[in-house]
Structure formats: C-alpha cells, structure tokens
Amino acid sequence: SAEPQPLDKQDHVSWELKELGAGEEHVIHLSMVPTKRGDLATTAFVRFTGAASNVFTVQEPMLAVSAKGPKEVMVGDPASQTVTVTNPGTGVAHNVIIEAVIPEGLEHAHGPKLAMEVGSLNPGESRNVRLALGAIGGGEHTIQIRAKGEGNLEQECTSFITVVAPSLEI
C-alpha cells in the first residue's frame, strides 16, 4: 500500500509531483510484504536529480519438532518422550507452544491433552521438553505432537510406542 496512491502500478510504481519548491519536501509512505526471506533490494529514482537505494533484510522464523524415547516398554514401565523443538529459520519464533495428545494405553499426570509453553526461540535455538508418560495398556500407541508459534508457524510429528502386556494362560 502507498500514501498517496501511485499513478502507475504495473511492474513498478510511480508518482508525479507537479511542483516542488526550493527546500520543500514530499513524503511517500510505502508498506511492502516480502514474499521470501533474505536481502530485498529497493531503488527509488527521482527524474533529473538522482536515485536512492536501500537493502532490507527479511527474516523468517521456522519451527521443527521431533520426539525421542523408547519404542517398546512393558505395562507399568515409564514411557517418557523427549520432545525437541527447534527454530531452523532466520528470525525469532515467538510464543512457541508444544501440544501433545496422549492416547489410551499411555498416561500423563495432567491428562490426555497437554500444552507446554516454550517461549521465544532464536534462530538455530532448540529446547527440549520431557513428556513423563506411563504405560498402562498393551498395544501400539501413537502420540501426536504439534509445535505452534506466532505468525501461523506450525509443525507436527508423531511418536510410536509398543506397550507389551504379558498374559498368562493355564
């Protein structure tokens, strides 16, 4: 968007200033939305007097999430998972939250749906969160894990655990 609106908006934008007195200035406000991260070069040309250039650095926060833990446990044993959330981007990821859905057969002290605040992650920074789980029912179980952050950042992963429930027949 621009204030005032440009006369031409095809592959460039242009304004016509009818008259500009000595010592007078005219300000044009531009608001741009970058479509990629990295350096974004802009150039402003003023006919008959010169040009001005600038380079903007566009930063993009990102999220990556993974989980590690035992793949097979016995009923009654701990089945804890370590969730790692990382910012592989170039900008700070703000208000990062890890959400987990714990299936039947596994339990957590705070119930089947968890939300853990991580805070802000700088570029390249990682944080680990431990999910203290217990195995209470046999079978194969899938834990759904999602990392979310400000600006519609979202990544998901799943962790699989097989809980062995011994049985005795006579």
Self-check item: Given charges at Cβ of Lys, Arg, Asp, Glu: the chain dipole, positive-most of Pro4, Leu153, Ser167
Solution: Ser167
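So how strong a dipole does the chain carry about its Cα centre when Lys and Arg Cβ are +1 and Asp and Glu Cβ are -1, to the nearest 20 debye?
Working: 12 positive and 21 negative charges, 55 e Å.
The calculated dipole for the chain is roughly 260 debye.
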Quiz item: So what is the accessible area of the stretch 1-74 per residue, in Å², with the probe set to 1.4 Å?
Solution: 88
Practice problem: Evaluate the Kirkwood expression for the hydrodynamic radius of the chain, namely the inverse of the mean inverse distance over all pairs of different C-alpha atoms, and round to one decimal in Å. | Solution: 20.5
Quiz item: Normalised by the residues of the chain, what does the relative contact order come to in percent, with Cα pairs under 8 Å and at least six apart?
Solution: 21
Exercise. Provide, in order from the shortest bin, the percent of all Cα-Cα pairs of the stretch 92-143 in each 10 Å bin, continuing until the bin that contains the maximum pair distance.
Key: 22, 43, 24, 10, 0
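May I ask what percent, to the nearest 5, of DSSP beta bridges between residues of the stretch 12-170 are antiparallel? Please list the in-between numbers first.
Details: 46 of 49 bridges.
Antiparallel: roughly 95 percent of the beta bridges in the stretch 12-170.
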Quiz item: For the charge dipole of the stretch 52-170, defined by +1 on Lys and Arg C-beta atoms and -1 on Asp and Glu C-beta atoms about the Cα centroid, which residue among Pro88, Phe56, Val118 has the Cα displaced farthest towards the positive pole?
Solution: Phe56
Self-check item: Dmax and Rg, reported as Rg then Dmax, of the stretch 34-114 (C-alpha, Å)
Solution: 23.8, 82
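For the stretch 80-170, what is the accessible area per residue in Å², given a 1.4 Å probe and the full set of protein chains? Let's see the in-between values first.
On the way: 5170 Å² over 91 residues.
For the stretch 80-170, the per-residue accessible area is 57 Å².
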Quiz item: If you count, for each residue, the other Cβ atoms within 10 Å and average over each peptide, how do 28-39, 90-101 line up from highest to lowest?
Solution: 90-101, 28-39
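Packing-wise, with mean Cβ within 10 Å as the measure, how do 153-163, 53-63 rank, highest first?
Working: 153-163: 16.3, 53-63: 13.8.
The packing order, highest mean first, is 153-163, 53-63.
I'd like to compare 64-74, 110-120: which one has the highest average count of other Cβ atoms within 10 Å, and what's the full order after that?
On the way: 64-74: 15.3, 110-120: 13.0.
Final packing ranking: 64-74, 110-120.
Please report the carbon-and-sulfur percent of the accessible area for the chain; probe 1.4 Å, protein heavy atoms only, DNA, RNA and ligands left out.
51
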Quiz prompt | Mean projected area (nm²) of the alpha-carbon convex hull when the stretch 111-166 is viewed from all directions | solution = 4.9
Quiz item: So which lysines can Lys36 reach, going by Cα to Cα under 27 Å and dropping same-chain residues fewer than 8 places off?
Solution: Lys9, Lys148
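The values are calculated or read from the model by the stated rules, or taken from the named source; none is laboratory data. Note that this is a predicted model, so its numbers are computed, not measured. With ideal geometry, Cβ positions are generated from the backbone for all residues, glycine too; neighbour counts draw on all protein chains shown. The area values use the complete protein model at the heavy-atom level, side chains included, leaving out ligands, DNA and RNA. Shrake-Rupley method; radii C 1.70, N 1.55, O 1.52, S 1.80 Å.
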